[in-house]
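Trainee: After the structure tokens below, expect a handful of questions from me.
The values are calculated or read from the model by the stated rules, or taken from the named source; none is laboratory data. Owing to the predicted nature of the structure, the values given are computational and were not obtained by experimental measurement. Using ideal geometry, Cβ is built from the backbone for each residue, glycine included, and neighbour counts are taken over all protein chains shown.
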């Protein structure tokens, strides 16, 4: 038997959009190339040189790596090699100030600068499209997600404490089910079936589990082990509260 090559497992973290439509760019407005369209995302124009280096077709994925390099991956190859990271809330803070920027013919629609309170006050700048969609106001909440995106939300008051809707995150059931397929122990960390008094105790363990599986990891086996131990801690904590 001849000597075999070593095996490698990919652990790259990428951003990607599935191409729904591809059409030639207007040569009067662009220097050749093509316009790639996606669902729920603005189109991206690529050059003829990029297309020569990355033969592209509809249904495949426009992929951007961590160093900013953009490429194309056929649908089957991409979906075999990558699993979508569940989108979860990373942090949130109440909006304390909103400053709308001046709009003119050169700068386009008005964007805004949002200041937030909390333990680490911060300021974030957003473009006009985001500002129109999110309608930020003082007193609402600025929510940052693990993918780097932001949304404005209204707080839901439960008793005396403000809280957001429970995980899984914001109706993204598909991403949650994908995570359960990879880490089945997540099923045993759900909490909505419990009485209200025990949901309050169990929910933080579920939230932490979702945060764990959302982070990039080079060792899924260690992630699975962490989730199993988290389940044990949850079960013990809940049991200790049962009369």
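Trainee: Just checking, how many residues over the range 190-211 are touching a helix residue (DSSP H, G or I) at 6+ places or on another chain (Cβ under 6 Å) and either exposed (fewer than 12 other Cβ atoms within 10 Å of the Cβ) or under 18 Å from residue 85 (Cβ atoms) (or both)?
Mentor: The total comes to 2.
Trainee: Here are some residues: 181, 158. Which one is out of contact with any helix residue (DSSP H, G or I) (no Cβ under 8 Å at 6 or more places or on another chain), within 21 Å of residue 85 (Cα to Cα) and at pLDDT below 85? Even if it seems obvious, please write down each step before you answer.
Mentor: Values: 158 fails: within 21 Å of residue 85 (Cα to Cα).
Sole residue among the options that is out of contact with any helix residue (DSSP H, G or I) (no Cβ under 8 Å at 6 or more places or on another chain), within 21 Å of residue 85 (Cα to Cα) and at pLDDT below 85: 181.
Trainee: List the strands (runs of 3 or more DSSP E) inside the range 1-101, counting only whole elements, that have at least 3 residues being modelled with pLDDT of 90 or more and surrounded by 15 or more Cβ atoms within 10 Å (Cβ to Cβ).
Mentor: Working: elements: 15-24, 34-38, 41-46, 61-64, 70-73, 89-100.
Here the list reads 15-24, 34-38, 41-46, 61-64, 70-73.
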